[in-house]
Amino acid sequence: MTRTAKDFFAPLAVGAPAPLREIPARPSRAIHFFDPGNEKMAAKVPDMVGTVDVLLGNLEDAVKAENKEKSRQGLVDIGRATANLGGTVGPTQLWTRVNSLDSPWGLDDLVTLVTEIGDKLDVVMVPKVQGAEDIHYVDRLLAQLEAKAGLDRPILVHAILETARGVANIEEICAASPRMQGLSLGPADLAADRRMKTTRVGGGHPGYLVRQDPERDDLGVPQYDGPRTTYQQDLWHYTIARMVDACAMHGIYPYYGPFGDIKDTVACEDQFRNAFLLGCVGAWSLHPAQIAIANKVFSPSVEDVAHARRVIAAMGDGTGAVMIDGKMEDDASVKQCQVMVALADELAAIDPELKKQYDAIPDQHSGTEA
Ligand SMILES: CC(=O)SCCNC(=O)CCNC(=O)[C@H](O)C(C)(C)COP(=O)(O)OP(=O)(O)OC[C@H]1O[C@@H](n2cnc3c(N)ncnc32)[C@H](O)[C@@H]1OP(=O)(O)O
Ligand SMILES: O=CC(=O)O
Ligand SMILES: [Mg+2]
């Protein structure tokens, strides 16, 4: 088959479903990881449906080598047995993270899962993606498997950004296939690949800081021994910002990844919020305790939604400038407000508690033309 650039949206195998032209904006505030081969975790999955936006059966790192087949089969069983999970049926999507493409398990993961539960599977997360060639491999294979399984809906692909080469190739990865749904930051593997001198799974580091200038005495001499405040910096700012731009440019979604210090719920919330403010739509949850944190952080606050609605109402057709509470609002700030309100509407459609809070916001119209 000859392919040209115009065939970008043509199926890659005869009989495979047509690729989507737009990636649907489905809520995915928390991507909750569980090991489907761990009986205790697997037993909790049915009750988690409806309480979390995404349940992800993890087959890669954190699953012991001798348990890989057990976890794969566990995910097939869960996919088959769990009502309202995955596909287009319920509020909770079903994703998987398959083993890496250079491992002995990656191929069997894809073949088994698409064949057995392809109709339930929404997104395949591919770890350690290095370049477009990794996505092309998965893209073609998924098309063949979808055709063979008679699926009528394409399975989407999510890449983890966790190698230096992957970061360098970020734009081509995002553009590699119409299946690309999004990217997650993988801070643990990325730190190792970059030879960073950290030993953590995500989050900050007390040694990565800036220090206040020394005070000076009356003669202007710096007092190097005096007390000086330090400010811890965000190790991940550069990578997240790159990821957000690359995803926005290609119409796909950026996510913060794992935060390994499960007990430090405060720092987890801070890391998630930094990612939210920079443009990410969700983060991973490694433990049930992190689901509520992600749901809270990645849902616009009532105050932000109230303000955004007020600006939109005051701005009329969205052009010109108005003063609200002493601040200038114009075409650019109203666009930010529209992003906030659109997200709130999407989340309210699946989260009754949020809907109640957003519905309780009084109508506000005040503002004066500048
Ligand atoms: C760098 C990366 O690649 S990150 C992604 C890979 N890592 C993962 O996916 C890790 C997933 N999470 C886990 O393995 C576990 O949560 C751990 C190891 C971090 C902590 O596990 P535990 O010490 O058992 O935690 P804890 O004792 O608080 O668990 C309480 C209960 O919640 C269950 N639980 C813990 N994590 C999860 C989970 N992710 N999903 C569902 N249930 C869970 C436990 O089985 C336990 O059940 P029980 O009450 O029936 O005994
Ligand atoms: O897979 C995630 C990571 O941080 O590595
Ligand atoms: Mg990793």
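Nothing in this text is a laboratory measurement; each read-out follows from the coordinates by a stated rule. Please read all numbers here as calculations on a predicted model, not as lab measurements. Positions of Cβ are backbone-derived with ideal geometry, glycine not excepted, and every protein chain shown enters the neighbour counts.
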Contour minus Cα-Cα distance for D61 and D359 (0.36 nm per residue): 103.1 nm
Cβ-defined net charge surrounding V201, 11 Å radius [Lys, Arg +1; Asp, Glu -1]: -2
Translational diffusion of segment 234-337, µm² s⁻¹ [Kirkwood Rh, Cα pairs; Stokes-Einstein; 25 °C; 0.890 mPa s]: 159
P(r) weight above 18 Å for segment 134-189, C-alpha pairs, percent: 36
Percent RCO, i.e. relative contact order, over segment 301-369, from Cα pairs under 8 Å lying at least 6 residues apart: 44
Trypsin sites (Lys or Arg not before Pro) within segment 160-196, DSSP loop, no more than 13 other Cβ atoms inside 10 Å: R195
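Taking Rh as the Kirkwood radius computed over C-alpha pairs, what is the Stokes-Einstein D of segment 46-112 at 20 °C in a medium of viscosity 1.002 mPa s, expressed in µm² per second?
171
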Residues of type lysines that K197 reaches as a straight line, Cα spacing below 23 Å, ignoring anything fewer than 8 places off in the same chain: K128, K263
Rg followed by Dmax, in Å, when segment 153-269 is reduced to its Cα trace: 19.2, 74
Compactness relative to 2.2 N^0.38 Å, alpha carbon Rg of segment 1-126: 1.12
Ranked L107, L286, criterion: other C-beta atoms within 10 Å, fewest first: L107, L286
Extension gain from K40 to L219, taking 0.36 nm per residue of separation minus the Cα-Cα distance: 57.7 nm
Whole-Hz couplings from phi, Karplus 6.51/-1.76/1.60, listed for segment 117-129; x for Gly and Pro: 9, x, 6, 9, 7, 8, 9, 9, 8, 10, x, 6, 5
Cα convex hull of the chain, projected area averaged across orientations, nm²: 24.1
Magnitude of the charge dipole, the chain, Cβ model with Lys/Arg +1 and Asp/Glu -1, debye to 20: 800
Sequence ranges 329-339, 249-259, ranked by mean other-Cβ count within 10 angstrom, highest first: 249-259, 329-339
Potential extension, Q336-D270 segment - 0.36 nm per residue separation minus Cα distance: 21.6 nm
Sum of side-chain charges, P254 neighbourhood, beta-carbon under 11 Å (Lys, Arg +1; Asp, Glu -1): 0
Proximal charge balance of P222 [Cβ under 11 Å; K/R count +1, D/E count -1]: -2
Mean residue ellipticity (222 nm) of the chain, computed from DSSP H runs ≥ 4 via -39,500 (n - 2.57), nearest 500: -12000 deg cm²/dmol
